Structures are given as structure tokens and as C-alpha cells.
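Data first, discussion second: the structure below is written as C-alpha cells.
All of the numbers you see were taken from the coordinates with simple rules; none came from a lab. The structure displayed is predicted, hence computed values, not measured ones. Here the Cβ is made from the backbone with ideal geometry for all residues, glycine too, and neighbour counts use every protein chain on show.
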Amino acid sequence: MLNGLSNAQKNGMVPIKEGSFVPLYGATSQKPVFVKSFYMDVYPVTNAEFLHFIQKNSTYRKSKIKGIFADKSYLYYWKNDFDFEPANPNAPVTGVSWFAAKKYCECVGKRLPTMDEWEYVAMADEKKRDARTRKEFNEYILSWYEKSRTYENQIGKTFKNYWGVYDMHGLVWEWTSDFNSIFLSGESRKDKSSDKNLFCGGASVNATDLMDYAAFMRYAFRGSLKAQYSTRNLGFRCAGNTFPKP
Amino acid sequence: MKSKTDIWMKRSFILCAFSAALFLGSCKKSETTNAADIVTQGEMTAELTSPPHVPKPIGNRNAMKLKLNMEIKEQEGTMTDGVKYTYWTFGGSVPGSFIRTRVGDEVEFHLKNHPDNKLPHNIDLHAVTGPGGGATSSLVAPGHEKVFSFKVLNPGLYVYHCATAPVGMHIANGMYGLILVEPEGGLPPVDKEYYVMQGDFYTQGEYGAKGLQAFDMNKAVKETPDYVVFNGKVGSLTNGNELTAKVGETVRLFVGNGGPNLVSSFHVIGEIFDNVHIEGGTTINKNVQTTLIPAGGAAIVDFKVETPGTFILVDHSIFRAFNKGALGMLKVEGKENKNIYSGTIQEGIYLPEGGTIQKMPENKTAKTEAPKRTVADKIKIGKEIFGTTCFACHQSEGQGIPGTFPPLAKSDYLNSDSKRAIKTILHGLTGEVNVNGKKYNNVMPAQNLSDDEIANVLTYIYSSWGNNKTEVTPEMVKALR
């Protein structure tokens, strides 16, 4: 089944070793989160790969998908069900709802990464598992937020991180399985109030590192999403508990 | 004595009763105009304008339902010549579109986040009474739209801004603007109205460093901006973009300050504000020179222009004006009125008679017989003169300030004519000049320097920064004095 997929995904996953870290929104207790060993896709899913999926799963075509699973902007840059031209086949697929991303991963024997898993991998730079305190690293991430239309770029052109994973920063945003488990009310200044802390997992002033603005943006972005949403800057990659059978 | 007091008390009692009756009467009347109870009549789409323009006044219209469409765009723009910046905008401009309402209006706000944008945004309008000023209801992902509505209750000029994490960064990138709530019947009519908003910007490179400049979080936290500007960029209100008026007209400025950090000492050089709505509210102060505008605040100022000329809008925290960009211009055309401003009537020499100062003329004659100096000496002395006299405008490396003060480094204007350069220092220079392909229209005053000093400073300038190494002598200067 995987033979039809591009090189990118053929030997697509790398092992991520277990460990713990204090995420930005480390809940009220600021306790470290433990992440079990898992596998992560090296690259985000591309247009070509998603087309392959759509060919086999007709209910996820843009003409067929049900409104509760995707809003009107689902794959809006695709001309029709099977034509994403002039987008590059090796550019990340975007404009995909959470439901579609989840289904895709299931169909290739994987799952979406959790937010903690995603952040755990994303805090690594080329050399270190946790580069979040490195000034240049944060500047790199922040500078991406200011570059427009990076979704047109091909996968694998940013840096390869400590785990061997590409494009965690600098290409597109990515869905996680529990993107809405941390609650930002939309009024980010208010999220520090104590009542919210009890069930929403912390807030801006509680952040372990105030200077980690880069991460703020990710949490703010996730907070603005609903599962049927899709946006041009939002793609996804898959994870798994085991290495997928070829 | 006693009876007098009695009478006084009686009289004041009657007066009290009378005024109480009056007060009650007016109370009843104002009850019917309680802003929350105003019933809207009809519906229309709100007119939005980009700075420096404002929508037309509300005049006598009734409170209405206003449909308002605001699109958020993240886009690259120009900070100053050769310097690009990625602005985040409400309506495609910095500051964002001007919103004009009246008390009692019901605004149906459609906030749209362009699909190509990277970030979620929201809006907090200081004119809104409700949680987060609308921010709680308006967080919108790229490619989506949020609708919320509010009734404007308090007249005044209010700031709106984005309040999404990280709030400071969203504001620093330009996400602010003004919403005006006019009282019933509108503000008094004037001849010209303009929209000016100050903001501070923090870039990776220093002021003037070329190319696309990224936002610098560290500088923002330290509150050390590279740019402090009106309407989002250097030169938004100069070099052909000046505000204009005619002699005799009354000009009203809606002035806001987006911050994120600095407080503005707003001043118009050569004008006095006739009226200032302090902090954009109802209290009016008269005859004001400089009004303080807090970050996240505003003021409405108006003044009648009585004389022609160019009036300079500045943040009177003055290094921001001349070194960081907070400078705009109002050009007033019309007939001169010598009674109000005479211009220079006479130029004369001032020779005070005090013993200590009397030395000056002696020095001057001594200086006319300047010692012979080597070029190296001239450069050394000239550098010191440059550092005290020229550097403030033309900058340490002769690079000038784009759009305001022309460069001396590799300057075609300078290198093509050394006589003109000498005359410029001797007599000053006013009006448009073209330097290295860029137009400058400013004033350089005549400098009070001796022939020797001018020869030295010009020799230093010509020998520095890639200029043509002309050696200027005191005799050359004397011949042109």
C-alpha cells in the first residue's frame, strides 16, 4: 500500500526517544510532561500524497466531504477533486480539516501526534533536544511567522533536527490530535485568571519562559481552530506507536 | 450681622431650590437620551478610510445599525527608503481603517482574517463596553470570519487593537487604529479633518538598515525602538504626502497612539491647539502647546490656521522626531498675514558690551588670518567641528536621515560643487534639493563658523566616506562670504 507513496514517506518515520519536558503551557503545577517513545514522520504530508489518499477515499474529496467534517475552505486551492496545480506536488498539503488529517493517518496505519509529542520534537534544533533557550532558534521561528506564503515551498528544505525530523518550523502549521485541549479564550490577556487555570492549563503569565513568544503563537493559533476548519498555512504529519509495516 | 446671614441663607436657599428644579428638569430630559436606550433607525454599511483620511461626519443623523467589514492582512510594506517590514494590519493600512460612529449606533462587526495569513487575530475596541472590548468574541483563524455586535454608549475617540498572544507583538507590527464615537448632533463642523496615529517599531537592524527587517522582541521588551513614526512609516506625512489646509481654515486632527510602548508628546511646531479633547474624552482644554497621548489612547485637537507655511507635526520627545521618524507636515497655503507673523524683518549683528563677550569680534579678526595648516591638521580639527555642529542632522558617518536630512557620504550634490558647499554653510539652504537621486525639502540654517573652521570641516567631510578629497582653504571661504 505504501509503494505508491513518494520517497519522502517511504522510509518516512524516525524513532523519538522518550523523555520529559516542561511545555510552555505546563499547567498550573509546571510539572514536566512525560512523553513515551514513539515514531514521527520525517516530513509533513504533501499534495501528491494527499491526492493518493483522496483517490482511494472518495468521501474526503472536496466535492463530497460533509460539512461537519470540513468547512468551505477545504482544499480551496485545488481546482477540482484531483488537481492541485499549480501547487507543487512536494509542497505540504494544507487547507485540510482535522477530521481529514486524522483519517489520512489512520489509512496509512498511523495517527496524529499529540500536542505534547509535537512540541517535544519541535523544541529540538540541529544539535540539541531542547533548544528553546537558544536565542537564534527562537529568532528563526519568529522570523518564519513573518514570512508570507511559505506553504508554497517544498518539504525538506528547512533544517533537519536532532531527531532527524524536518520542517517542524519554517514551512506550515500542523494539526495535532488534541489541538484544542489547551483552552485559550480568545482573550489571551485574560487567560491568566485563576478560575481558568483550574481547567485550562495555564496562561500567558504562567508560561515557563516569557520570551518563548514563538510557542505562544502556536498555542494561540491552535486556540483559534475548530476541527472542521482548514487554512492555507495549516498542514499535518503523522506519528505512530510502532514503526509501520511496509 | 446675624440678620444679614439669615437673609443670605434665605436667598441661597431659594437659589438652591430653583437650581434643583432646573436640574431635575434637565435630568428628566437626559433620561430619555440615555445612550443604552437610544433606538436605532435604519441600517447602513459603515464607511472606512485609511489614514490620513476620515469618513464624513455623522452630522444630524439618527443612531443606526452599522454593518462594518474589516479585513486583516499580513503584508510587506515600506518603513523608509530601502527598508521593508512585514506589517499586520486592520484593513491593509497602519494605523487601521478609521471607524466613525455616533452614540447609540449598533455596530455589527465582521472581522475577516485573510486566508493567506499565518496567524489568528482578534480585536479589542476601547469604545466597546463588554468583556475584552470584543476580543473575547472575535478570535478568528486565517481564512475565517467572526461576527459580533455592540452598541456604542460613550462619546469620544478610542483606540482599537489586536489582543491575541503575544499581544505586544501584534500591536508592535501595526495592529491598531481609531474608532470615533460622536455625540448626538456630531462634533462642531470644521474645514479639514485628518487621521494621525503614532507607533513605535522594533527592527533587527538599526534605523535605516536596508532590506526586509524582522521584528526584534528583545528591543520591544527593553522599549528601545528604532522607529517612532506617524501612520506606520517614515515620511507618511512628508515628501509629497503632507496634510494640507488653506489660511483661515480650521483643522481637526484625530490623533492616536498605538504604542506598544511609548507615550507621545504630540505637538505641532508653529501652532497652538485652540481646543484639545483631553485623552479623546469630553473635557476640552483650550490653548494647548503639547498634549500627552498615552499608548492606547487618543486626543482630538483643532486649531485655526492663520498664516501660510509648513507646520511640523512631531512627538516633542524630540529625538524621536529627528532621529526616529516621528515627523509630519501640514502645508498651509494662502495670503500672509504680517500682523500675526512677520517673518524676518531685519538681520543684524549683535555686539553686547559686556567685558567677557567683547572678545568675540577680536577673535574674528584674528581668525581671518588663519594659520597655514596641513591637510591632516585640517581633518583632525574638522572632525571635531563636525561632531559638534553637523553630526546631529547629517549623522556620524555622513549618512544623513532618509527623507529628512541629505547624506554627505558619497553625495553627488556635495562632490559636484565645493563653492556651493561653502555657500551652504555660510548662508544656509532652503528648499528642494536632489541628492543621490532622492529629493529633500528642508531647511539648513546658516552656520556661525569662521573661515578657518569652515575650511577645516569641509576638508574633513570631503576627505571622508568616499568623497572626492577636495581641500578647502580659508581663502576660498572668505571669497564667498
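Mind listing the long-range amide H neighbours of B:Gly232? Cut-off is under 5 Å, sequence gap 5 or more, other chains count too, H placed in the peptide plane at 1.01 Å from N.
Result for B:Gly232 returns B:Gly199.
5 Å is the cut-off here: which amide hydrogens, built 1.01 Å from N in the peptide plane, fall below it relative to B:Gly403, excluding neighbours closer than 5 in sequence?
Counting only residues 5 or more places away or on other chains, the set is empty.
Once you have the Cα-Cα distance between B:Thr310 and B:Val263, take 0.36 nm times their residue separation minus that, and quote the gain in nm to one decimal.
14.4 nm
What is the distance, in nm, between label points placed 7 Å from the Cα along the Cα-to-Cβ direction at A:Tyr162 and at B:Lys338?
8.1
Could you point to the residue in B:Ile379, A:Tyr74, B:Gly77 farthest towards the positive end of the protein assembly as shown's charge dipole, with +1 and -1 charges on the Cβ of Lys/Arg and Asp/Glu respectively?
After comparing all options, I get A:Tyr74.
Note down the net charge around B:Ile38, summing +1 for each Lys or Arg and -1 for each Asp or Glu among other residues with Cβ under 10 Å from its Cβ. Spell out each step's value before the answer.
Details: positive: B:Arg102, B:Lys151; negative: B:Asp37, B:Asp105, B:Glu106, B:Glu184.
Overall, the nearby charge balance is -2.
So what are segment B:109-202's ellipsoid semi-axes, whole angstrom, largest first, if each one is the square root of 5 times an eigenvalue of the alpha-carbon gyration tensor?
For segment B:109-202, the semi-axes come out at 26, 17, 12 Å.
Mind checking which helices in chain B clear 20 Å along their axis (Cα) and have mean Kyte-Doolittle hydropathy of 1.6 or more, DSSP H runs only?
None clear 20 Å together with a mean of 1.6.
Taking the alpha-carbon distance from B:Lys56 and a cut-off under 19 Å, which aspartates and glutamates remain once sequence neighbours fewer than 8 residues away in the same chain are dropped?
The qualifying aspartates and glutamates are B:Glu43, B:Glu47, B:Asp105, B:Glu106, B:Glu182, B:Glu184, B:Asp191, B:Glu193, B:Glu249, B:Asp302.
Step through the residues of segment B:284-294 one at a time and calculate ³J(HN,Hα) from phi using the Karplus curve (6.51 cos²θ - 1.76 cosθ + 1.60, θ = phi - 60°), rounding each to whole Hz and writing x for Gly and Pro.
So the J values, rounded to whole Hz, are 10, 9, 10, 6, 10, 8, 9, 10, 8, 10, x.
How many times 2.2 N^0.38 Å is the alpha carbon radius of gyration of segment B:124-270? Spell out each step's value before the answer.
Numbers: Rg = 17.6 Å, N = 147, 2.2 N^0.38 = 14.7 Å.
For segment B:124-270, the normalised Cα radius of gyration is 1.20.
So what's the net charge close to B:Met197: Lys and Arg +1, Asp and Glu -1, counting the other residues with Cβ under 13 Å from its Cβ?
Computed value for this residue: -1.
With n ≥ 4 as the cut-off for DSSP H runs, can you work out [θ] at 222 nm for chain B, using -39500 (n - 2.57) per run divided by the number of residues, rounded to the nearest 500?
Only helices count here, giving -6500 deg cm²/dmol.
If one computes P(r) from the Cα atoms of segment A:69-133, what percent of pairs lie at distances over 15 Å? Don't skip to the end; give the middle numbers.
Values: 1390 of 2080 pairs.
When every Cα pair of segment A:69-133 is considered, 67 percent fall beyond 15 Å.
Scan around B:Leu212 for amide H atoms under 5 Å from its own, H built in the peptide plane at 1.01 Å from N, and keep only partners 5 or more places away or cross-chain.
B:Lys84
HN-Hα J couplings of segment B:272-279 from phi, Karplus 6.51/-1.76/1.60, θ = phi - 60°, integer Hz, Gly and Pro as x?
Listing the rounded values in order: 10, 5, 5, 9, 10, 6, 4, 6 Hz.
Averaging over every viewing direction, what projected area does the convex hull of the Cα atoms of the protein assembly as shown cover, in nm²?
Convex hull of Cα atoms, orientation-averaged projection: 47.2 nm².
Assuming R0 = 51 Å, what is the FRET efficiency of A:Thr133 and B:Lys372, from their Cβ-Cβ distance, to the nearest 0.05?
0.25
Among B:Ile401, B:Ile278, rank each residue by its count of other Cβ atoms within 10 Å, from fewest to most, as a rough exposure measure.
The most exposed by this proxy come first: B:Ile278, B:Ile401.
Each residue of segment A:214-226 in turn: what ³J(HN,Hα) in whole Hz from Karplus with 6.51, -1.76, 1.60 and θ = phi - 60°, glycine and Pro shown as x?
Taking θ as phi minus 60°, the curve returns 4, 6, 3, 5, 5, 5, 5, 4, 4, x, 8, 9, 10 Hz for segment A:214-226.
Give me B:Lys378, B:Lys146, A:Lys160 ranked fewest to most by other Cβ atoms within 10 Å of their Cβ, as a rough exposure proxy.
So the residues, fewest neighbours to most, are A:Lys160, B:Lys146, B:Lys378.
Taking Cα pairs under 8 Å and at least six residues apart, what relative contact order does chain B come out at, in percent?
Reported relative contact order: 10 percent.
Which of B:Val94, B:Val83 comes first, and how do the rest follow, when ranked by fewest Cβ neighbours within 10 Å?
Numbers: B:Val94 28, B:Val83 22.
Listed from fewest to most nearby Cβ atoms, that is B:Val83, B:Val94.
Please give me, ordered by residue number, the GluC sites (Glu not before Pro) of segment A:113-185 that lie in loop per DSSP and have at most 13 other Cβ atoms within 10 Å.
Passing both the DSSP loop test and the Cβ count: A:Glu126.
Grab the beta carbon distance between B:Ser149 and B:Asp116, set R0 = 30 Å, and tell me the FRET efficiency rounded to 0.05.
Result of the calculation: an efficiency of 0.65.
Please compute the net charge surrounding B:Asn239, taking Lys and Arg as +1 and Asp and Glu as -1 over other residues with Cβ under 15 Å from its Cβ.
Spelling it out: positives minus negatives among the neighbours equals +1.
List the pairs from A:Lys102/B:Lys73; B:Lys146/B:Lys219; B:Lys84/B:Lys439; B:Lys324/B:Lys423 whose alpha-carbon separation is above 26 Å, in the order I gave them.
Details: A:Lys102/B:Lys73 30 Å; B:Lys146/B:Lys219 33 Å; B:Lys84/B:Lys439 20 Å; B:Lys324/B:Lys423 29 Å.
Flagged as over cut-off: A:Lys102/B:Lys73; B:Lys146/B:Lys219; B:Lys324/B:Lys423.
For the pair B:Val443/B:Glu471, report the inter-label distance in nm, with labels modelled 7 Å from Cα in the Cβ direction.
Label-label distance for B:Val443 and B:Glu471, simple model: 3.8 nm.
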